[in-house]
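Right, one structure below, let's go through it.
The values are calculated or read from the model by the stated rules, or taken from the named source; none is laboratory data. These figures come from a predicted structure and were not determined experimentally. Glycine gets a Cβ as well: all are built from the backbone with ideal geometry, and neighbour counts include every protein chain shown. Quick note on the areas: whole protein, heavy atoms, side chains included, nothing else; ligands and nucleic acids left out. Shrake-Rupley method; radii C 1.70, N 1.55, O 1.52, S 1.80 Å.
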Amino acid sequence: MSFTEQQLRIENARLRDELNRVSALVAKYITRSAIPLNILPDFPFDITATGTSDSVAVPSILEMASRPGGVTESEKPVIAELAIVAMEELLLVAAETDGALWSSVDGTKEVLSQEEYFRQFPRGLGPRLMGMETEASRETGLVMMNAAGLIDTIMNVGRWVDMFSNIVSRAFTTQVLTTGVGGNWNNALQLLYAELQILSPLVPTREFFFLRYCKQHSERVWAIVDVSIDGLRDNPAPQLRCRMRPSGFFIEDLQNGYSKVTAVQHIEADHRQTENIYHGLVCSGAAFGAKRWLAILQRQCERLGIMLTNNISARDLGVIPNANGRRSMLFLAQRMTSNYCAGVSASIVHTWTTLSGAGEEDIRVMTRKSVNNPGEPPGIVLSAATSLWVPVNSQRLFEFLRDERLRSEWDILSNGGAVQEIARVATGQDPGCVVSLLRVGALNTSQSNMLILQESCTDASGSLIVYAPVDIPAMNLVMQGGDPATVALLPSGFAISPDGAVSQRTTQEGGGAGGGGAADLAEASSSSSSGALLTVAFQILVSNVPTAKLNLESVATVNSLISSTVQRIKTALGCC
C-alpha cells in the first residue's frame, strides 16, 4: 500500500467519525436529533431502469428535483450520511493503485472490476439496475488553476455550467443544505439537477438529480463528490435511464498556480436508445467519461488564464490594440460557443422535428422566439441540425473546417469570396484553439464585405468550430474594449468527435462495460481505421417579428442549406 493511499485510508476513518458533526449541521433544519451512521440500509434506493407499472403516474427526474418545499425533514439526515459514504468511496476509487479495483488492459487503459467494487462498497446505491450498463473511468492531469479557483467554479452551479458548456446542457441548484464552514466550501452540501449532453440532436440527454458534497482533507487537498439521489423520494420511483454512483474531482493544489486533478466518473446508463452512429462513442463510456471532463476542464482553464493576462501571445494577430479589447472579444466568443452548445443537443426543452432523409442523416429543425434578448436579434429563429459519420480522421476534419483558406469549399453563404483572417487571439497552447475575426471578400463592388467571428477549439474529447456573422461597427467597439453583451449573435457551426471505434473495441477486449470512459480518445482520433462523428448546425433569423408564423419557404431554404453544406464537405474530403 502506497503512503498516499495509507493516508487516505486514515482520512476515510476520520470521515466516518465526522458524520455526527455533518448531520448536526443539517439537524438545524429538522425537528429531531442527528441520526447515527448505522441507519443507512444496505440498499436504500428501490428503483429500476424500467420504472413502475403503467397504471401509476411516474414522476420525471426534473419533477422530482423541482418538488416544492425541497427534501423532507426525514430525508435530510439520510442525504448527509450518503454524502459521507460517497466521499469515502470517491477517495478510495480515485487513489487506488494496488490493482484490485482498477486493472490495465494494455498498459494505459483502465477497467473497473465490478466484483471488487461491490465487495469494497456494498452500501450506498446498491446493485446495478437491470437493463443498465456501467461506465466507469478515472483520469489524472494538471489543470492551470489553483484549488480555490476550481472549488469556487464547481460549487457555483452557474460557473460550473459555463466551464462545462460542452457537456452540461443546463443545471440548477434545488436546495442548499449546508453552505460550508470556516468561510469556505468545506463541508458544503447541495442538491442539484443537471442535464448532460452530447452535441447532437440524435443522442438523448442524461438527467440527474444528485447531491454535491465538498470536503477539504488537508491544507492543499480537496474533493468534490456527486451521487444520485433519484430513488430517495417516495414511490413511485422515477423511470431512470441513468444514475450516478460517486463521481467527482480529487484536487491537490501544487502552489504554483496549477492543480493536480483526478476526475472520476461512474455512471450506470441504459444504452438501448443510442443511435447507431453514436453507439461506439456512448457505449465505450467515452462520451461522458472522466477523460472528457478533465480535457474540457484543462482547456477551459487555459482559456481563462489567457483571458486574465495582459500578455500578447506570439500567435495573436491583427488589429486588437489592447488587453481589454482581446478580453472583450474572448467573452463574446465564449457566449457564442455556449449558445451553440446549448442549442444543438436533444435536450428535453428542445422539440426537434425530422424534415427529410433516411436513417443517419435526417435533418432536424426547431423554431423559437427571441424576445428581449440583447445578445440575439429579435424575431423567429429557425435551427437546423444533422449528425453523420464521416470516414476521415477527426483531426483532419477539424483542420479542414477551421481553415479560412478552405472555407469557400463548404460555406455556401460566402458566395465563393476569399476569406481573410484579420484578427486572432490564441486561447490555448494547441494551434487549433483560437478566436478569429474573418473578412469575407465580395466578388463585386455592389456587395459589402462581411465579418465573421469564429472560435475553434480542440482537446482529447473532440473539437468545435463555431461562428456567427457580426456587425462591423459593433465589432469595432468590442475590439476597443467595449461591452460584448449587446452584440447580437446567432451562432452556427460544427461539433466533431472520434467515432469511438477503438475505445469500444478496447472495452470489449477488457471484459465488458467497466472502464470504457478511460479509453484513449486520442488513439481513436488518430487511428486510420476510425472515422469522425460530425454535427452540423445552423441558426437563421427567418423573421424579425416575434409573432410571425414560420413559412414552408424558410424550412425549405434551411433544409437545402444544411444538405448542400454536408455534400460539399463530403466532396472536398473525398467521402462521396
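So which residues in the range 547-576 are in a helix (DSSP H, G or I), over 15 Å from Thr353 (Cβ atoms) and open to solvent by 60 Å² or more (accessible area, probe 1.4 Å)? Selection gives Glu553, Thr557, Ser560, Gln567, Arg568, Thr571. Of all residues in the range 242-268, those satisfying the criterion of being outside any strand (DSSP E or B) and within 18 Å of the chain's Cα centre (by Cα) are Arg245, Pro246. With the condition kept exactly as written, say whether any residue in the range 501-515 is at pLDDT 80 or above and either part of a loop (DSSP other than H, G, I, E, B) or over 25 Å from Gln265 (Cβ atoms) (or both). There is no residue in the range 501-515 that is at pLDDT 80 or above and either part of a loop (DSSP other than H, G, I, E, B) or over 25 Å from Gln265 (Cβ atoms) (or both).
Applying the criterion of being among the small types (Gly, Ala, Ser) and in contact with a strand residue (DSSP E or B) (Cβ under 7 Å, 6 or more places away or on another chain) to the residues of the range 301-330, the residue that is surrounded by the fewest Cβ atoms within 10 Å (Cβ to Cβ) is Gly318. In a residue-by-residue description of the range 257-279, the property of being touching a residue at least 24 places away in the same chain (Cβ under 8 Å), among the basic types (Lys, Arg) and surrounded by fewer than 23 Cβ atoms within 10 Å (Cβ to Cβ) applies to at least one position. Within the range 182-194, no residue that is more than 19 Å from Val78 (Cα to Cα) sits with its Cβ atom under 9 Å from a residue that is assigned to a loop (DSSP other than H, G, I, E, B) and open to solvent by less than 10 Å² (accessible area, probe 1.4 Å) at 6+ positions apart or across chains. If you go through the range 452-469 one residue at a time, do you hit one that is assigned to a loop (DSSP other than H, G, I, E, B), open to solvent by 70 Å² or more (accessible area, probe 1.4 Å) and either at pLDDT below 90 or farther than 24 Å from Glu376 by Cβ (or both)? No, that holds for no residue.
Per the conditions (1) modelled with pLDDT of 90 or more; (2) touching a Ser or Thr at 6+ places or on another chain (Cβ under 9 Å); (3) open to solvent by less than 30 Å² (accessible area, probe 1.4 Å), the sole criterion not satisfied by Asp362 is (1).
Of all the numbered requirements in (1) touching a residue at least 60 places away in the same chain (Cβ under 8 Å); (2) farther than 20 Å from Asp230 by Cα; (3) in contact with a Leu (Cβ under 7 Å, 6 or more places away or on another chain), Leu101 misses one, and that requirement is (1). Here Met130 fulfils each of the conditions (1) loosely packed, with under 14 Cβ neighbours inside 10 Å; (2) without any contact (Cβ under 8 Å) to a residue 24 or more places away in the chain; (3) not hydroxyl-bearing (Ser, Thr, Tyr) apart from (2). Need pairs with beta-carbon distance below 8 Å; first residue farther than 9 Å from Ser328 by Cα and in contact (Cβ under 8 Å) with a residue 24 or more places away in the chain and within the range 474-486, second aliphatic (A, V, I, L, M) and surrounded by fewer than 20 Cβ atoms within 10 Å (Cβ to Cβ); sequence gap 6+ or separate chains. Sorted first by the residue in the range 474-486, then by its partner, the pairs are Met475/Leu451; Thr486/Ala474. Just checking, how many residues over the range 104-127 are open to solvent by 60 Å² or more (accessible area, probe 1.4 Å) and of a type in the set (Gly, Ala, Ser)? Total satisfying the criteria: 2. Hey, does the range 434-443 have a residue that's open to solvent by 10 Å² or more (accessible area, probe 1.4 Å), over 25 Å from Ser563 (Cβ atoms), without any contact (Cβ under 8 Å) to a residue 60 or more places away in the chain and not in a strand (DSSP E or B)? Among the residues of the range 434-443, at least one is open to solvent by 10 Å² or more (accessible area, probe 1.4 Å), over 25 Å from Ser563 (Cβ atoms), without any contact (Cβ under 8 Å) to a residue 60 or more places away in the chain and not in a strand (DSSP E or B), which makes the answer yes.
Here Cys283 clears all of (1) out of contact with any helix residue (DSSP H, G or I) (no Cβ under 7 Å at 6 or more places or on another chain); (2) open to solvent by less than 20 Å² (accessible area, probe 1.4 Å) except the condition numbered (1).
Per the listing Glu409, Glu421, Glu399, the residue uniquely open to solvent by 20 Å² or more (accessible area, probe 1.4 Å), among the acidic types (Asp, Glu) and at pLDDT 95 or above is Glu399.
Do we find a residue being in a strand (DSSP E or B), among the polar types (S, T, N, Q) and within 30 Å of Pro498 (Cα to Cα) anywhere in the range 220-241? Checking the range 220-241: at least one residue is in a strand (DSSP E or B), among the polar types (S, T, N, Q) and within 30 Å of Pro498 (Cα to Cα). With respect to Pro77, is the statement that it is crowded, with 20+ Cβ neighbours inside 10 Å and more than 25 Å from the chain's Cα centre (by Cα) true? Against the criterion (crowded, with 20+ Cβ neighbours inside 10 Å and more than 25 Å from the chain's Cα centre (by Cα)), Pro77 qualifies. Within the range 288-300, does at least one residue satisfy the condition of being open to solvent by 10 Å² or more (accessible area, probe 1.4 Å) and in a loop (DSSP other than H, G, I, E, B)? No: the range 288-300 contains no residue that is open to solvent by 10 Å² or more (accessible area, probe 1.4 Å) and in a loop (DSSP other than H, G, I, E, B). For the range 311-352, filtered to residues that are over 25 Å from Ile496 (Cβ atoms) and outside any loop (DSSP other than H, G, I, E, B), the residue that is modelled with the lowest pLDDT is Gly318. Considering (1) within 19 Å of the chain's Cα centre (by Cα); (2) of a type outside the set (Lys, Arg); (3) open to solvent by 20 Å² or more (accessible area, probe 1.4 Å), the lone condition that Ser137 does not fulfil carries the number (3).
Out of everything in the range 520-546 that is open to solvent by less than 30 Å² (accessible area, probe 1.4 Å) and at pLDDT below 90, what residue ends up being farthest from the chain's Cα centre (by Cα)? Among them, the one singled out is Ser543.
Would you mind finding the one in Ala194, Ala171, Ala188 that is modelled with pLDDT of 95 or more and open to solvent by 20 Å² or more (accessible area, probe 1.4 Å)? Residue meeting the stated conditions: Ala171. Only one residue in Arg170, Arg159 is farther than 23 Å from Ser383 by Cβ, among the basic types (Lys, Arg) and under 20 Å from the mean Cα position of the chain (by Cα), so which one is that? Of the residues listed, the single one that is farther than 23 Å from Ser383 by Cβ, among the basic types (Lys, Arg) and under 20 Å from the mean Cα position of the chain (by Cα) is Arg159. One residue stands out in the range 220-256 among those that are of a type in the set (Val, Ile, Thr) and crowded, with 24+ Cβ neighbours inside 10 Å: the one that is modelled with the lowest pLDDT, namely Ile229.
Kindly evaluate Phe210 against the criterion of being under 19 Å from Leu112 (Cβ atoms), in contact (Cβ under 8 Å) with a residue 12 or more places away in the chain, assigned to a strand (DSSP E or B) and not polar (S, T, N, Q). No: the conditions fail for Phe210.
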